[in-house]
Every structure is written in C-alpha cells, then in structure tokens.
Amino acid sequence: MKIGVFVCHCGENIGRTVNCPEVSKACASFPGVVHSEDYKYMCSDPGQNLIKQAIREKHLDAVVVGSCSPHMHEKTFRKACASAGINSYMVEIANLREHCSWIHEDIAEATKKAIDLMRFAVERVKFNHPLQTIKVPVTKRSLVIGGGISGIQAALDIANAGFEVVLVEKEPSIGGHMSQLSETFPTLDCSQCILTPRMVEVYQHPKIKLLSYSEVENVEGFIGNFKVTIRRKAKSVKEELCTGCGLCAEKCPIKKKALSEFDEGLSNRSAIYVPFPQAVPNVPVIDRSVCTYFKTGKCEMCKKVCGREAIDFTQQDTFVTEDVGSIIVATGYKLYSIEKKPEESIYKGYGEYGYGKYKNVINGLQFERIASASGPTSGEILRPSDKTEPKKIVFIQCVGSRDESKGFSYCSKICCMYTAKHAMLYKHKVHDGEAYVFYMDIRSGGKNYEEFVRRAIEEDHVNYIRGRVSKIYEEDGKLIVKGEDTLAGLPVVIEADLVVLATAMIAQQEAPKLAQTLNISYDKYGYFQEAHPKLRPVETNTGGVFLAGACHSPRDIPESVAMASAAAAKSLVLFGADMLEREPIIAKVDESTCAGCFYCQKVCAYNAIEKKEIRDRQGNLKKVVAFVNSGLCQGCGTCNATCPSKSIELIGFNDDQIFAQINAFAEV
Amino acid sequence: MNELKQICKDALTEKKARFIIGYKEDKNKRVKPFIAKTPEDAEKLTFSHHAVNNLAVYLSRFKNNIDGKIGIVVKSCDLKAVTALIQENQIKRDDLFIIGVNCSGVVLDVAKEFNKDNTQIKCKYCQAKTPPYYDALAEESKEFEMPDDDQAELMAKIDKMTAEERLEFWNAEFEKCIKCYACRQVCPMCYCEKCIVEKSEPQWIDSSSTSRGNFSWNIIRAFHQAGRCIGCHECERACPMGIPLTLLTRKMGMVAFSEFGYRHGTSLTEPTLIGTYSTSDKEDFIK
Ligand SMILES: Cc1cc2nc3c(=O)[nH]c(=O)nc-3n(C[C@H](O)[C@H](O)[C@H](O)COP(=O)(O)OP(=O)(O)OC[C@H]3O[C@@H](n4cnc5c(N)ncnc54)[C@H](O)[C@@H]3O)c2cc1C
Ligand code: SF4
Ligand code: SF4
Ligand code: SF4
Ligand code: SF4
Ligand code: SF4
C-alpha cells in the first residue's frame, strides 16, 4: 500500500507549536509512506491540489492528513481524494490541532506527539477498506408539530413549494399565542386580522393535512424516512359531519364551570366548545372533565340539538401513522406561572406580587385579552374585580426573567416591547389614565423597536421608573405597589387600580419529553437546542429535524416567522434530491458468533437492530441473530462496545484498525 | 422424593415435557445431572442436599431446537438462571416446564454429609427456599439452621484493603489459574457461541498462561457478569484451582443492588440492568 502524508500548519494554529516540516520529515520514514509534505493551508485550493497531484503522480492508495479535527475538514479531504481517484474512505485524519497544538506549549514535546499521532493514523489506514456511501430514498413530505404562527408559516412555505405537510396541533384550534394577542408591536396592527387569513389558508390548502387536537406519540426512522405515530385525541364530535354551527355550545348547560383557556381564565366557556370564534378547524370538542354526561351519564343536550348527528360520546383516541422526510418542531412557549404556590417546585414564584390572590394583578396575556376587541370586555380596559376602568395602572417588567433567585437567568426578550405596547394601548383607550412601568433595563433592539418605546414615553407619556417592586398588597380596593426608583434613589409607592406583570416566556412543560421522542437535545430551561449557535441555528443534532419559533428561545412574531421560513427552506433543501447519501460507517454483525442475547438491541438508541432468523435448507430454524438495519444505523458504536463476544463491528472503525492504532501507541 | 418422581412421570406421560433435566444418584451414591426421556426414566430422578449442579446451564443448548417443552428441575437459586436466560432471549418461558423443588441447602463437599460445616456459600445467604414460580412444585420444605455468611465477612475485609493490597490479593489468586475455562463452561450466563478469549483476529484477550493473561481472562469474565451473574457459585465450585471467583461476581451483584436496586434473574418483566438507560441513572461516578 502506498500512503501519502500531508501535514497542515493551519496557518499559525498548528505551525506555532508543532514543527510541521519536522513532522513531515519523520513521516517519510514510516513503512508504507511514499510521499510526505507540509503546507500552510491544506484545506485551501492549492493545498488540496498538492494532495491530488501526489495521488496522481505517486499512485497513492491511501492518504493521511495531519490537520484540524475531522469534524471540520474530513469531508473536504475525502472529496479531494475522491476527485483524484481514490476511495474517500481511504483517508484518515490525525487531529494535530485540537488534540495537539492547541493544548500544548512546548514545541519539542508537541512535535513529538504530532509525529506519534501521525504514526497511529498511518498504521490505521493500512487496514482501511474502500467503502461506498449508502443511498436512501427521501420521503418528500413534512411533519410540522405545533400550529402557532411558526408552525403555520413553515407549513405554508413547504406546501406552497408543492410538498405535502402534516400539521399536528395539540389544541382544538391552530393559531397559538398570536391568536390571543390584541395588537402587535411595533406597528400596532391587529393580531387576529393578520393571522386569521393564514389559518384559513392552512385549512384550505390542498397540500396541508391538519390534525388538530392531536399529539405526536412516537417517532421512528431517520432523516428522509421518519415514521411518526400521532394520537388523535377524542373530540367526541365527528369532524366530518360538523358544520360548525355552534348550536351545541350555545345549548350546553355547563356555562360557568369551565374557565376559557383562550381568555386566560378571564371568562367562562361551555363543556362543548370551540376556543374562539375564528378557530380553525371550526369544530367543537367536549371537555370530558366538566361535561355532565361524562360525569353523571345524563344530559346529552348537545347531541339532541345537533342536526347533523355529529356528537359521539363513545369516540376513543385513535392513532395514525405518517411517513415524512423532515420534521419541524414549532411548539412555542408558555408563560411563567407566578402564583405563590407554583405547580413546578423548581420555580419559586413571586408570592409578594399577589398574583392569583388579588384579582387585579394579572399577567401580560391576560392584559392582551382585556385589550382585545374579541376579549371578555370587548376591548374596553376594565379591571377584573369590579369591571371599572383603572385610572392608575402599573406594569412590572422582568418578572421571572433575569432573576436567578426566583426565576430564570435569561432575558425573556419580548417583555420590554409588549409592556411598552400595553402601556400605549392603555393610554390610547383611557386618556386620563396614568401608566407606570417598573423596569430594569429597556431592551428594544430591532427594527423600529427603540422608536416604539420612545413613542410610549414621549408621545403617550408613560412613566418609566427604573427599579424593582418589592411588594404589592391590597387596601381599600387599591393595590399598593411598593418599589424603588433606583435612578432617584428614592422609595416609590403607587396606589394602583390594576397591575400587569410582564412574566417570562418559558419552555413548554412537555418539551423535554417531546425532545426525547424526537431524539433532539434541549437546554437546562427546556428549550430545544440548535446544532450550532451561529452556523446551524435552525437545525438540531438529529438530521432532518428542524426548529422554528419560541420553542427554541423567547422570540417575537417577526423572528418566529423568519425562523419558520428558514426551517421550511432546510426541509426543501432536503427534498431537492431524490436520494440521500449516508455514511457507510455502520455496524455489522458476525452471524456465526452472535449468541442472540440482544443486548445490542437494548442499547441501540436508533432502533437499528432487528432479529434475524437463520434457517437451514429444509427451513428449520438454526438460530436467531442480530441484524443491523443499514438505513437506521447511525454508526454510533454503542452496540459494538456492548456485545460481550465482540460479534458486532463498526465498518470503518473495525477492530483491526483500532488495534493497529493501539499497537502503534504501545510501540512508543 | 416420590412426589418429584410422580410429577415427572406424569409430565412425560402426558407430554407436558419432551424430556426432563434433573438429577439421579449413581452407584457410588453421587448425585449427578440426568436427562429423563421416558416415564420409566422418571423413576430414577431424585433430589437431595447433594443435588448441587445448576442445571440451567444446559438450557441454551436447546434454544433453537424446541419440539415440545423442556422439563427442568430447579432449586430457587437455579431458577434465577432460568429467568435470566429468558430475559436474555436464550429460551422462552413457554418452552419450559419448570419443576421447582423446595431446597434447604446443598453441600459444599459432595463426598461428605450435609451439615453446618458442609454448606455451599450461596445457601448461607439464600433468600427463598421455594422457587418464586414454577409449573409444578415438589419436596417438602425442611427447616435448617444456616451457618454464618463467612464470605460476606471476607468481602468486608477486602473492601477495606488499599488498591495495592487488593491487586496483590487477586494477583496471587489469579496466578493459580490454568486457563481450563471450566468456570465459563459451567456458568449458565456464559452462553456465547464464541467467547471473547477465543477471538484471535485480532486477539482481544491475552490467552497466554502468564500472570498478564490470567489476569485479563479472569477480569473480563467477571466483568461480563456485571449485573448478570445470578449467584449460583458454580464457577467457583468448578474451578480446579480453588480460586474464590464468586468474591468478584457476588461483589458486583451487591453493587448492582445497592446502586440500582436490581437483581438479575429475579423478574421476567423488569428491564435488565445492563443495556437499560434511564435519565435518573446516577452519574456521580463521573468525576
Ligand atoms: C403578552 C404577550 C404579548 C406579545 N405581544 C407580541 C407582539 O405584540 N408582537 C410580537 O411580535 N410578538 C408578541 N408576543 C410574542 C408572540 O406571542 C410569539 O412570538 C409567538 O406567539 C410565537 O409563536 P410560536 O408559533 O413559535 O409559538 P406559540 O404561539 O406558542 O404556538 C405554539 C403552538 O404549538 C402548539 N403545541 C405546543 N406543544 C405541542 C405539542 N406537543 N404537540 C402539538 N402542538 C403543540 C400550541 O398549542 C400552539 O398552538 C407576545 C407574547 C406575549 C406573552
Ligand atoms: S450483543 Fe452481540 S451476541 Fe448479543 S445479539 Fe448482539 S451481536 Fe449478538
Ligand atoms: S452502531 Fe449499533 S448501536 Fe449505534 S446506531 Fe448502529 S446499530 Fe445502533
Ligand atoms: S459467574 Fe459463577 S456464580 Fe455467577 S452465574 Fe456464572 S457460574 Fe453462577
Ligand atoms: S466470558 Fe464473556 S465472552 Fe466469554 S462466554 Fe462468558 S460472557 Fe461470553
Ligand atoms: S475454572 Fe479456575 S482455573 Fe479454570 S479458567 Fe476458570 S478461574 Fe481459571
């Protein structure tokens, strides 16, 4: 075997601590090496040409490059070698940067180590075999999880490009949080007015299959070939029969018992309900936890009045499976729960603000509902306790965010903006009212955002007080807000009629569970993790699974929409090819020695191990052995490490290669 | 005993089992493994304090050769091996006809009578004299006062040793090993078709009879039993050189229990410790 060795200086990165010419010289004397040289930037065009030239002139069979991490440029060098006529998998990388120059100071020692690393790689490459990439077909269909604005945008983009989309929404209607907002910063256009047409477009789009009131149960497979099981929760209403006339909800005797989720608990809804008039699909569901029929077996009022016989009390959850090539996660956020006794013990809550105790201490989304024309007060600013117009209103920012002791250390990012919006909306409706905002900093980066906040202060005369509020208590129907003006260095006491807490956006509670189902990572807050914070912000670590919107981090609508379109574009890139090329680095079972214990199957995170029956010519079962599904195997090597009798090998990392490396090390 | 014979005879007559793996007494009064194929054979089956062997070791040989159920006579300790083999896909519960026996201890030295000083280590800490499940149960349960668990005392002593002292202790023990592999052959959990020591391309385990080779063999065997050894002590009984092999396997079993609350071979439904990942697994070993 003729081996060529190329040592890269990586500019100064390797060259500063490793004497590359010396390494190259030492490599020239290794058995099998017929060519050895060093160069400033091997990955550059001239650098790659040196490799190609040497392959052609010296008829090399294999190449070892001493450079940066294979993570960085293995593909580059493999491609270069393939274009000069040798198999890509006859290339090995010795990591002279991360494993050597970056972590050492002494030039002589580092050079010695670099020579060792090169020798290990040279010994290893002698046991490499030419491999062919695996080609797998791509299912050109997408699954979008979550029907907020992010999911809607992603679904429309993909569908408009001509590919089918399955949109799964866990609530009875799509729309997400945006459907609850009154007007949106920084332009103050009506949220529903810009959102509803898109919801309808989704519903009517021939390429979009909308599965509302549904959740993803299980995901199998891999990029280009996912098999998704979806639970369709029982609506107790036959979707195909219902015309959305709304008679059932009107007649339902349970009017007071259930709090409207859509109105954030500020109004009531019936047991059979559509969340809001513009809901898509406009099909009600029965909330079995409050329905009289489900509790006592009597009532059936809705069933009696429905002319279409659409009510079905016996409906059960059903399961559907969908084959898709890509998955976009757009499950959004929820608001930090600020009650004194928070549901999750890790949140300490803000008992001193009296949320949940005083009716007139509300959160941002509740204010959105009060300010909204479709809300419980039809858009009039009236406080919840006595439905009077508040003359003094206090907004408190950063409740739960930027507060490690009681909430989360991150900045919830949108609260500065929505608080300015709230104060403005208030002033536009209550002309003689006074609005106060307690803030820590004002963060209004974004196009026309700073101008928007200035407008609130300068044109609408909102009083911004820098400082935190220490306590709120009720006295004679007023809320006494005690805080501090840190700029003036003075304590402040405001007798307010209504207090709005700008509570932090936090990750959905079930996000970690969904992440485990999808095999993607999440951060310590429960937000889904991108593959690279700068260069791959919408990809996840699992190929073919992308992120959109507030499920990734606190985001406003424009950012969510942009991210959704980016995720859609990533899916479309995938659909651009008919076949996907996959690395041939996969596991292989030695059927003659496999004992069929199936420990490998237990440890495989990708469900890539199957059972295979071996029969003789008469069809008698001889044994049952493990079998690797080459489409599913990701080449992680876990099975390889687990098998007690070493009956599984990882192609491309086979025992001979590893032993050659270890032996070369032992000879040092 | 007559009860055992009757159960087996019926099982073979009624074809509840194709054959029964059990014990018989030879003419020198030694109790040995015996396969009863006919109702007449069943007459020869016996059980006593001398029925030491763990018969489950034979089961994996029949795993793909099922043509009617396999009958097997088990003590409660042996049943753990059966359970473990089912958990590890070596045999199916449905392919077995399990004849449990109430056991009140077996001998250490088969040439001598059963008494306090002649008891297997495992019996001294045995939790259940009656197998937890079976298709038929034979033998009356007899009370017997068990001597102290002296192995546990020795283990506590070893625990207190420094790493160097422990290494020295085991080096001295493994020094004796003659690489006969009897410990592996007798172990019900060592059912691999090709043991890792036999893998020669490349050679994973140094198979030479040197201290290094002996050490790597014994350690790899012990490690392959981590979370899997069911504690039948057959390896130690088989070892011609008297190496106290169960000091290692029992210790690992104890750690599996103290750290994960898991005992292999005690549940047909619980996921095996090895190969199961849970987000609540301890990570404090990562320093
Ligand atoms: C008080 C307040 C005011 C705001 N005002 C503005 C504003 O004026 N301008 C602006 O730009 N932004 C504003 N925002 C931010 C805006 O709400 C978000 O940017 C936007 O809603 C994010 O959209 P999304 O689709 O990513 O998430 P969401 O709107 O949260 O939608 C997520 C959807 O996914 C569904 N879902 C969740 N989990 C699952 C699951 N497991 N399976 C299936 N479906 C699931 C949910 O039911 C929901 O329909 C405001 C936010 C708040 C709290
Ligand atoms: S772990 Fe090894 S012996 Fe067991 S089934 Fe898998 S390949 Fe076969
Ligand atoms: S290498 Fe083994 S454990 Fe990893 S994905 Fe492939 S089959 Fe599964
Ligand atoms: S290692 Fe020894 S004690 Fe454990 S199961 Fe095997 S033979 Fe029995
Ligand atoms: S020692 Fe390990 S490889 Fe050998 S038979 Fe036992 S479990 Fe299998
Ligand atoms: S039985 Fe004893 S001597 Fe034989 S291989 Fe095992 S430990 Fe060594």
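Structure notes:
- Close Cβ contacts (under 9 Å, 6 or more residues apart or on different chains) running from residues in segment A:655-668 that are in the same structural domain as A:MET118 (by TED's automatic domain parsing) to residues that are loosely packed, with under 14 Cβ neighbours inside 10 Å and assigned to a helix (DSSP H, G or I) are absent.
- Every residue from segment A:586-602 that is near ligand 3 (Cβ under 9 Å from one of its atoms) and in a loop (DSSP other than H, G, I, E, B): A:ILE586
- Answer residue from segment B:166-190, given it is among the acidic types (Asp, Glu) and surrounded by fewer than 16 Cβ atoms within 10 Å (Cβ to Cβ) and is nearest to ligand 6 (Cβ to nearest atom) among those: B:GLU175
- For B:SER200: the one exception among (1) within 14 Å of chain A (Cβ to nearest Cβ); (2) away from ligand 2 (no atom under 16 Å from the Cβ); (3) surrounded by 16 or more Cβ atoms within 10 Å (Cβ to Cβ): (3)
- Close pairs (7 angstrom Cβ cut-off, 6 or more residues apart or separate chains): in contact (Cβ under 8 Å) with a residue 60 or more places away in the chain in segment B:209-235, assigned to a loop (DSSP other than H, G, I, E, B) and within 13 Å of ligand 6 (Cβ to nearest atom) anywhere: B:GLU234/B:CYS187
- Counting only residues that are out of contact with any helix residue (DSSP H, G or I) (no Cβ under 6 Å at 6 or more places or on another chain), assigned to a helix (DSSP H, G or I) and under 19 Å from A:GLY151 (Cα atoms), segment A:202-252 holds 2 of them.
- Residue satisfying condition, being assigned by TED's automatic domain parsing to the domain that holds B:SER200 and either within 16 Å of ligand 3 (Cβ to nearest atom) or in a helix (DSSP H, G or I) (or both), within set B:ILE274, B:ILE220, B:ILE243: B:ILE220
- Residue that is farthest from B:VAL57 (Cα to Cα), among those in segment B:167-211 that are of a type in the set (Lys, Arg) and at pLDDT 90 or above: B:LYS176
- Failed condition for B:GLU193, given (1) closer than 19 Å to A:CYS597 by Cβ; (2) within 16 Å of ligand 6 (Cβ to nearest atom): (2)
- Residue that is nearest to A:GLU649 (Cα to Cα) [pool: residues in segment B:196-213 that are out of contact with any Asp or Glu (no Cβ under 7 Å at 6 or more places or on another chain) and assigned to a helix (DSSP H, G or I)]: B:ILE196
- Applying a threshold of 7 Å to beta carbon distances and a minimum spacing of six or more residues, or different chains, the list of pairs starting in segment B:147-170 at a residue that is without any contact (Cβ under 8 Å) to a residue 12 or more places away in the chain and ending at one that is part of a helix (DSSP H, G or I) reads B:MET161/B:PHE169; B:ARG166/B:ILE158; B:PHE169/B:ILE158.
- Any hit, segment B:223-237, residues being under 29 Å from A:PHE659 (Cα atoms), within 13 Å of chain A (Cβ to nearest Cβ) and in a strand (DSSP E or B): no
- The listed residues are A:LEU574, A:LEU621, and the only one of them that is at pLDDT below 95, of a type in the set (A, V, I, L, M) and away from ligand 1 (no atom under 16 Å from the Cβ) turns out to be A:LEU621.
- Within segment B:186-216, being near ligand 5 (Cβ under 9 Å from one of its atoms) and over 23 Å from A:ASN640 (Cα atoms) holds for one residue alone: B:CYS187.
- Selection count, segment A:614-644, where residues are within 16 Å of ligand 5 (Cβ to nearest atom) and aromatic (Phe, Trp, Tyr): 0
- Checking each residue in segment A:280-310 for being crowded, with 18+ Cβ neighbours inside 10 Å and among the small types (Gly, Ala, Ser) picks out only A:ALA310.
- Meets criteria (crowded, with 17+ Cβ neighbours inside 10 Å and either within 14 Å of chain A (Cβ to nearest Cβ) or in contact with a helix residue (DSSP H, G or I) (Cβ under 8 Å, 6 or more places away or on another chain) (or both)) for B:THR246: yes
- Counting only strands (runs of 3 or more DSSP E) that fall entirely inside segment A:436-545 and contain at least 3 residues that are in contact (Cβ under 8 Å) with a residue 12 or more places away in the chain and under 20 Å from A:TYR350 (Cα atoms), the qualifying elements are A:469-475, A:478-485, A:490-496, A:498-503, A:505-507.
- Neighbours by Cβ (under 6 Å, 6+ apart or cross-chain): first from segment A:605-616, over 17 Å from A:PHE226 (Cα atoms) and more than 12 Å from ligand 2 (Cβ to nearest atom); second among the β-branched types (Val, Ile, Thr) and at pLDDT 90 or above: A:GLU613/A:VAL624
- Some residue of segment A:522-541 being acidic (Asp, Glu), under 22 Å from A:VAL228 (Cα atoms) and either in contact with a strand residue (DSSP E or B) (Cβ under 7 Å, 6 or more places away or on another chain) or buried (at least 19 other Cβ atoms within 10 Å of the Cβ) (or both): yes
For every residue, the table says whether it meets (1) at pLDDT 95 or above; (2) part of a loop (DSSP other than H, G, I, E, B); (3) within 16 Å of ligand 3 (Cβ to nearest atom); (4) within 14 Å of chain A (Cβ to nearest Cβ).
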site	(1), (2), (3), (4)
B:GLY22	yes, no, no, no
B:PHE34	yes, no, no, no
B:HIS50	no, yes, no, no
B:LEU59	no, no, no, yes
B:ILE66	no, yes, no, yes
B:ASP78	yes, no, no, no
B:THR83	yes, no, no, no
B:ASN89	no, yes, no, yes
B:PHE97	yes, no, no, no
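- Subset of segment A:568-604 [touching a helix residue (DSSP H, G or I) at 6+ places or on another chain (Cβ under 9 Å), away from every other protein chain (no Cβ under 14 Å) and within 16 Å of ligand 2 (Cβ to nearest atom)]: A:ALA587
- Qualifying residues in segment B:203-233 (those that are aromatic (Phe, Trp, Tyr) and in contact with a Lys or Arg (Cβ under 8 Å, 6 or more places away or on another chain)) - the one surrounded by the most Cβ atoms within 10 Å (Cβ to Cβ): B:TRP217
- The residue that is nearest to A:THR133 (Cα to Cα), among those in segment A:616-648 that are part of a strand (DSSP E or B) and either in contact with a Pro (Cβ under 8 Å, 6 or more places away or on another chain) or within 11 Å of another protein chain (Cβ to nearest Cβ) (or both), is A:ALA626.
- Odd one out for A:PRO277 among (1) over 30 Å from A:LEU501 (Cβ atoms); (2) loosely packed, with under 14 Cβ neighbours inside 10 Å: (1)
The values are calculated or read from the model by the stated rules, or taken from the named source; none is laboratory data. Source: prediction; values computed, not measured. Glycine also receives a Cβ, built like all others from the backbone with ideal geometry; neighbour counts cover every protein chain displayed.
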